[in-house]
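Encoded as structure tokens, the structure appears first; notes follow it.
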Amino acid sequence: MKCFKQGLLFATLVAATVPSMACTPDGSEGFVPENNLRISVNQKRVGGISEETFNKVIDEVETVYAPIVANYGGDLLVERNWTDGTVNAYAQQLGKTWKVSMFGGLARHETITADGFALVVCHEIGHHIGGAPRKVSPWSSPWASNEGQADYFANLKCLRKVWNNDNNAAVVAKMEVPKTLSEACGRQHVWNSDVALCIRGGMAGMSVSKLFQALRNATVEPKFDTPDSRIVSKTDDNHPAYQCRLDTYFQGSLCTASMNEDVTASSEVTGTCHASLGYSKGLRPLCWFKPSVE
């Protein structure tokens, strides 16, 4: 059943909790479009992360963001569905319970790194507190940041806060980093610590972008040096194309706005790199975002 039909049923019939695997109450899908891929806990893995890493990553993000979400008036609940083979993740608001549902199937996918998984958790938290633009809902007040904004928030704010005290230079030294990413981060950021954070966030974005490619059975690889050239006539609330999503993670990492300057639901400008503030780098890509402020 389509998300819209589920939403109408929700609005007219529901007095109980919406299932974790359903569309969110505002009609948005999960981290990726709905799919039938399942990766069971017993399947032999050629990649992905372990259950220990699954829980460790969630612990790290939850430690930082549970008190932040509380300041917004919500109680963060991260569901840890390790044995569930679903290759997706979801965000829901059920009263004061602001839920993030994470699944072992996604964590076990061969493209997913620990950092890529952290990005997914951040994306789902971004639906709750990632700011404008929000996804328009036909049956309830729009609470969820749209897909592109949740992507942008993940690298712009969330991953930076979660990894702020890590030895990020040591982490990225073990990675095969594309020259385009390392050079762009080096040009954009002054401090070596910020350069390393930028690179690490970009590589997390590459991990999940390869997931998007795999789920579409696409042959064209996402790359940092082949940005999506499309320009939308209005902001797209839904899942952008996978190259466009990588561009969003990349630009979120390049943005020099402070990680401690919060984004807001009332403004697409506050806390971001926005052209109206004089920024030319770190902007949300025009392949999904249409600025409403010049």
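Taken over region 68-96, the criterion of being crowded, with 18+ Cβ neighbours inside 10 Å and closer than 18 Å to Arg134 by Cα is satisfied by Val69, Gly74, Tyr90, Ala91, Gln92, Gln93. Please determine whether any residue of region 189-202 is surrounded by 21 or more Cβ atoms within 10 Å (Cβ to Cβ) and touching a residue at least 60 places away in the same chain (Cβ under 8 Å). For region 189-202, residues surrounded by 21 or more Cβ atoms within 10 Å (Cβ to Cβ) and touching a residue at least 60 places away in the same chain (Cβ under 8 Å): present.
Among residues belonging to region 123-157 that are in a helix (DSSP H, G or I) and of a type in the set (Val, Ile, Thr), point out the one that is surrounded by the fewest Cβ atoms within 10 Å (Cβ to Cβ). Can you show your working first?
Just the residues of region 123-157 that are in a helix (DSSP H, G or I), to begin with: 123-129, 147-157.
With the extra rule that they be of a type in the set (Val, Ile, Thr), the set shrinks to 125, 129.
Working: Ile125: 29, Ile129: 23.
Taking the candidates together, the pick is Ile129.
Restricting attention to region 89-117, the residues that are on the phi < 0 side of the Ramachandran plot and assigned to a loop (DSSP other than H, G, I, E, B) total 6.
Given the criterion outside any loop (DSSP other than H, G, I, E, B) and closer than 20 Å to Asn35 by Cα, identify the matching residue among Val69, Val120, Val78.
Matching residue, one of Val69, Val120, Val78: Val120.
The combined condition, being at pLDDT 95 or above, touching a Pro at 6+ places or on another chain (Cβ under 8 Å) and either surrounded by fewer than 13 Cβ atoms within 10 Å (Cβ to Cβ) or closer than 19 Å to Cys185 by Cα (or both), is fulfilled by Asp247.
The values are calculated or read from the model by the stated rules, or taken from the named source; none is laboratory data. Since this is a predicted model, take the numbers as computed values, not measurements. Neighbour counts run over all protein chains shown; Cβ positions are idealised from the backbone, glycine included.
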